[in-house]
Amino acid sequence: MLFTFEATVYFKLNIKSEVIHSFMDQICFHDDCTNLSRGGGWDRMLEQYFRPQIEQALRLEVGKYDREQLYRDPQTLLALNNDTGRVLKDRINSAVGGEYFCGPDSTNQNCTDFGFVVKNPTPPDALVQEYANTAAAEQRVVTAQKDAEAKAAAAKGDADAQAVRASAPALTPDQIAYIRAQAEQACATNPNCTLVITESSGGVNVNVK
């Protein structure tokens, strides 16, 4: 499983005067780190001392999680950021031979952990497609469940309506006579009207066609 990560590391030089002097003598002057141009001494120093330690620390911390967590769980990325930032300071300072680098909020008395932020963990294309297929299948299942629930609700509504109609009391002769008179009156105004009156076990049906 090969994930690709974008990462940002936040740090600063240890501001203790004796440490800075040692850093300049042991590392900076040797690597020409005062050359801040692109590809200059500072970039070469970071490439030599920082990059290998960052990659190794990240590889070790990533190994604690499965691919689902890395790809989908924001809390996993937060834990990954915190855990990697904690080990980076010690790993990098050990590589350069002194406590030369600290976290961005460090003071004279406290050399804090590095800030570390992983962004856009990207799995291989095949794994991305697998996730896409899984998401589409899950969506189809959800849609099918909703359709089934809607049909069940509609069927229950029809059954309830039929039960209400079945439980309704039969019309009285006076009510039937009134409905028939209303239908006859409506039909009388239309020469093409046909009045249909049927009787069944359920009562009398009066229809105007």
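Annotations for the structure displayed:
- Projected over every direction and averaged, the convex hull enclosing the alpha-carbon atoms of segment 16-59 yields 3.6 nm².
- With a Förster radius of 25 Å applied to the C-beta separation of T172 and E149, the computed FRET efficiency comes to 0.05.
Every read-out reported here was derived from the displayed coordinates using simple, explicitly stated rules and does not represent laboratory data. Since we're looking at a predicted model, the values are computed, not measured. As a convention, Cβ positions derive from the backbone with ideal geometry for all residues, glycine included, and neighbour counts pool all protein chains shown.
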